[in-house]
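The structure under discussion appears below in the form of C-alpha cells.
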Amino acid sequence: MAAGKSGQQPGGAGRGSDDPVLWPFAAARLAMDACFWWLERGPAEQGEGDLPWTTRGIVALELATMRLRDCSRTRSGQPALVCAPYALHRALIADFAPGHSVVQSLQQGGLERIYLTDWRSATPDMRYLSIDSYLGDLNVAIDEIGAPVDLVGLCQGGWLSLLYAARFPAKVRRLVLAGAPVDLSIESRLSQLARNAPGIVYDQLVARGGGNVSGEEMLRVWSKAPCRDDVAASLQKDLSDAEGAALLARFERWNTETLDLPGTYYLQIVNWIFRENRIASGNFTALGRAIDLKDVKAPVFLLAGLDDDVVPATQALATASLIGTPPAFVAAASEPSNHLGLFMGARTHAHAWPRIAEWLRNDLSGVLARSA
C-alpha cells in the first residue's frame, strides 16, 4: 500500500488510484496495453525487503505463508496478534517507525504479548496457495501463541481476521478491524476497480506473472511515485525537517519493497471478495465450512478513516451490522485520516491506537452485566 495521488482533498484523502493496495485492480486497465511488454520480460524474481523493524522481536515460527514475529516483553498475559495486510507490501506497514507503529502503540498502551504476521513473498511453488492456505497457517500460528487471542486485522488483514473469527470463534477473544473492506456492496474505489475490468484480464495478469502476481512488475506498470504531500498526509507529519526527511526516505524505500502474491489467492480475493462480495452476502466457505458472520460474537472494535477512499468509513463501520456481536460490545472510532494514515499516521497513533489498547486491556464484564 502507499499514499494516494497528489491533488487530494482537504484532510489528506488521496484520489486513491496510485495507492498500491489498488495496483492489482487498477493495473487491469493497463494490462492489455502492457501485454507484449510483460511477455518479453517474463516473471521477475522477488527477494524479501531488508528495511529493519522498529520493534525488537524474534521469529517464533516459520510457515509456508508467513514468519510469525514475536514482539512480546513477557511470556504471560493475554496475547494480541496483528494480522498485517497481504497486498503487495511488507508487514512493516504495522511497525513502520517510532510514532508510526501499530505494534509500538499497542505496547505503549500496556499490551505485553504482541505478535505479527510477516507474510512471505510468493515464490513459484506458492502459486497455488489459496485463502484457505492463509487461514490454515493463521490457525497454526494462533495455536502456537495459545488461544484465545486478540486479533488485530489491518486492511485486507481485516477480512482475513474476520473470516478466521467466524470459522474459529472460540479462538478469538476480541477483534479489531482497522480500515477493513468487508461489505463491498458499499461503493469504494477498491470495489469499482475490481469490478470494472473483465475477469479474463485478472487471469491474464496472473498468467503473465508465471502463476503469481509480481509486485516488482506491478510497481513498474503502475509506477507513479507518491509525492511528498501524499506521504505527509499518510504519515500525518511535517516532512520538512531532518526527521521528516528520514521518514520520507524510509517510506519511499518501503514503497518499493513489494511482495509477490500467489495467483490462486489473488484471483480468489478479486472474484470472491471484491467482485462477488461473498463474505458480506454469506456465501463464503472457509476450510470446508460455510461462514456465517453472525457466529462472530466476540467484542469488536472498528476503526475507520474519514478521508479514506480505499475503504470508506461507511464501509468500514458497516461490518457492525453483519456480525453477531451484541451492540453493547461493538466499539468504533473514526479518524480524520486517509487509508494508510490509519496504520502509519502520527495523529492516529496519538489518539486512536491508545484507545484501542485500552479497550483490549479493559474488563468488559460490567458491560456484559448491563446488557444482560
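Any read-out appearing in this document is the output of simple, stated calculations on the displayed coordinates, not a laboratory observation. Being a predicted model, the structure only gives us computed values, none of them experimental. Every residue, glycine among them, receives a Cβ derived from its backbone with ideal geometry; neighbour counts consider all protein chains shown.
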Report summary line: Quick shape check on the stretch 289-372: root eigenvalues a ≥ b ≥ c of the Cα gyration tensor, a/c under 1.5 is rounded, otherwise prolate if a/b tops b/c, else oblate, and it reads oblate
Report task. Using the number of other C-beta atoms within 10 angstrom as an exposure proxy, rank Lys171, Lys297 with the fewest first. Result -> Lys297, Lys171
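How much FRET efficiency would the formula 1/(1 + (r/R0)^6) give for Asp363 and Glu243, where r is the Cβ-Cβ distance and R0 is 41 Å, rounded to 0.05? Mind dumping the intermediate values first?
Values: r = 38 Å, r/R0 = 0.94.
That pair, Asp363 with Glu243, gives E of 0.60.
What shape does the stretch 85-187 take by its C-alpha gyration tensor, where a ≥ b ≥ c are the square roots of the eigenvalues and a/c under 1.5 counts as rounded, a/b above b/c as prolate, and the rest as oblate? Show your work: numbers first, answer last.
Numbers: a/c = 1.30, a/b = 1.19, b/c = 1.10.
Rounded, since a/c falls under 1.5.
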Query raised in the report: Sequence-distant or interchain residues sharing an amide H contact under 5 Å with Asp150, placed H: which?
Result: Ala80, Leu81, Arg173, Arg174
Query - Virtual spin-label span in nm between Arg75 and Ala320, 7 Å along Cα→Cβ - result: 4.1 nm
